[in-house]
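Colleague: If you scroll down you'll find the structure; I have some questions about it.
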Amino acid sequence: MKRRINLCLYRPGTPRFRILDSYLEVIESLRWGFEALGYDVAFRVNSIDNGALNILFGWIPAFQMGLADQLPKDTILFNMEQFAAGNLRGLQHVERALADFQLWDYSRANIANFAQLAPSKPVYWARTSYAPTLQRIAATEEDIDLLYIGSLSPKRSEKVQAATGPAQWSLITLANVWAEQRDAFIGRSQVLLNVSHENPAMNIFEEVRVSYYLANRKAVVCEEVAGQHVEADMASTLRFAPAAQLADACHALLEDPAARRAYAEEAHAMFVQRDVRDVIRGFFD
């Protein structure tokens, strides 16, 4: 196998594609993992390296822009979108990806559905995993009670607002905010709130987003949704509550700083067990 790795993010320049920065923590973890295992690793935006093994993030917009034919045949497509529900037959970009490239996926729920379409083409489970470089938010004064990061539909906004409860805990919401600006808000927050998508076709737990909070020892309260795909370690460790009980779950942590810190440490320890080097070894060894 090539010892040079190019982690490539395809991100068109228009503002709406800034959402693809949500892939960066996974890219950063893989970069650390490959380097720790002795590979020569680069990260590029919108640039393929024909002399390296390319792992492409943002492959769907790249295919939509007609760039699939320009990719080296050994390119690995890293999927972080939701395909766990529905019939995939007839989705040309999915059929092309499975036919012509190796696919990596963050969710076993997606992989199970891909297998229905292409049982002879295994998709590799590249689970969301820990690297020390993810742990970078400095401890600071936690002067924000609740923080929600993500888009806000009317229904989701209603659930987020209800989480403040009768005590009317302070709440900040962020959308399409990244890097240092986002991290500053995370560091200042006592409890991170994760509210799931109301579309039943988007039924995979937001583990990529939540895992970054765990890496940085932040307490997270997550909405419990029937039929949602949640990995066993997260399901058994994280605080889940139905939408109507989110306020109670947040209240319990906000009122008890010692319990909140203990929970954050427990969840952090759980996530650290997911070593990104194991993901890499699992495919290449």
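Colleague: Is it the case, given these coordinates, that residue 195 is more than 26 Å from residue 139 (Cα to Cα), of a type in the set (Val, Ile, Thr) and without any contact (Cβ under 8 Å) to a residue 60 or more places away in the chain?
Modeller: When the stated conditions are applied, residue 195 does not pass them.
Colleague: Looking at residue 181, is it free of Cβ contacts under 8 Å to residues at least 24 places away in the same chain, under 21 Å from residue 20 (Cα atoms) and surrounded by fewer than 20 Cβ atoms within 10 Å (Cβ to Cβ)?
Modeller: Here the answer is yes, as residue 181 does meet what is asked.
Colleague: With the structure loaded, tell me whether residue 172 is part of a loop (DSSP other than H, G, I, E, B), touching a helix residue (DSSP H, G or I) at 6+ places or on another chain (Cβ under 7 Å), at negative phi and among the aliphatic types (A, V, I, L, M) or whether it fails that test.
Modeller: no
Colleague: Is one or more of the residues making up the stretch 43-53 buried (at least 19 other Cβ atoms within 10 Å of the Cβ) and within 30 Å of residue 181 (Cβ to Cβ)?
Modeller: No: zero hits.
Colleague: While we're on this one: Restricted to the stretch 82-91, and to residues that are surrounded by fewer than 15 Cβ atoms within 10 Å (Cβ to Cβ) and within 22 Å of residue 229 (Cα to Cα), which residue is modelled with the highest pLDDT?
Modeller: So, considering only residues that are surrounded by fewer than 15 Cβ atoms within 10 Å (Cβ to Cβ) and within 22 Å of residue 229 (Cα to Cα), the one modelled with the highest pLDDT is 89.
Colleague: Do you know which residues across the stretch 198-215 are touching a residue at least 40 places away in the same chain (Cβ under 8 Å) and closer than 16 Å to residue 22 by Cα?
Modeller: Across the stretch 198-215, the qualifying residues are 204, 206, 207, 208, 209, 211, 212, 214, 215.
Colleague: Could you check, for the stretch 3-14, whether at least one of its residues is in contact with a helix residue (DSSP H, G or I) (Cβ under 8 Å, 6 or more places away or on another chain), surrounded by 21 or more Cβ atoms within 10 Å (Cβ to Cβ), more than 23 Å from residue 133 (Cα to Cα) and not hydroxyl-bearing (Ser, Thr, Tyr)?
Modeller: No; the residues of the stretch 3-14 include none that is in contact with a helix residue (DSSP H, G or I) (Cβ under 8 Å, 6 or more places away or on another chain), surrounded by 21 or more Cβ atoms within 10 Å (Cβ to Cβ), more than 23 Å from residue 133 (Cα to Cα) and not hydroxyl-bearing (Ser, Thr, Tyr).
Colleague: Sticking with this structure for a sec: Out of the stretch 163-177, which residues are in contact (Cβ under 8 Å) with a residue 60 or more places away in the chain and surrounded by 15 or more Cβ atoms within 10 Å (Cβ to Cβ)?
Modeller: Once the filter is applied, which keeps residues that are in contact (Cβ under 8 Å) with a residue 60 or more places away in the chain and surrounded by 15 or more Cβ atoms within 10 Å (Cβ to Cβ), the stretch 163-177 yields 163, 164, 165, 169.
Colleague: Could you please give the count of residues in the stretch 139-162 that are touching a residue at least 24 places away in the same chain (Cβ under 8 Å), farther than 17 Å from residue 208 by Cα, surrounded by fewer than 17 Cβ atoms within 10 Å (Cβ to Cβ) and within 21 Å of the chain's Cα centre (by Cα)?
Modeller: Within the stretch 139-162, residues that are touching a residue at least 24 places away in the same chain (Cβ under 8 Å), farther than 17 Å from residue 208 by Cα, surrounded by fewer than 17 Cβ atoms within 10 Å (Cβ to Cβ) and within 21 Å of the chain's Cα centre (by Cα) number 1.
Colleague: Now a separate question. Being surrounded by 15 or more Cβ atoms within 10 Å (Cβ to Cβ) and assigned to a loop (DSSP other than H, G, I, E, B) is the filter here; which residues of the stretch 92-134 pass it?
Modeller: Result: 101, 106, 107, 118, 121, 123, 126, 127, 128, 129, 131.
Colleague: Could you say which residue among 180, 198 is acidic (Asp, Glu), touching a helix residue (DSSP H, G or I) at 6+ places or on another chain (Cβ under 6 Å) and either more than 16 Å from residue 26 (Cα to Cα) or part of a loop (DSSP other than H, G, I, E, B) (or both)?
Modeller: Only one candidate passes the filter, namely 198.
Colleague: For the stretch 236-285: of the residues being in a helix (DSSP H, G or I), in the same structural domain as residue 212 (by TED's automatic domain parsing) and acidic (Asp, Glu), which is farthest from the chain's Cα centre (by Cα)?
Modeller: Looking at residues that are in a helix (DSSP H, G or I), in the same structural domain as residue 212 (by TED's automatic domain parsing) and acidic (Asp, Glu), I get 248.
Colleague: With the condition kept exactly as written, say whether any residue in the stretch 214-221 is of a type in the set (Lys, Arg) and in a helix (DSSP H, G or I).
Modeller: no
The values are calculated or read from the model by the stated rules, or taken from the named source; none is laboratory data. As the structure is a computational prediction, the values presented were derived from the model and not from experiment. Backbone-built Cβ (ideal geometry, glycine too); neighbour counts: all protein chains shown.
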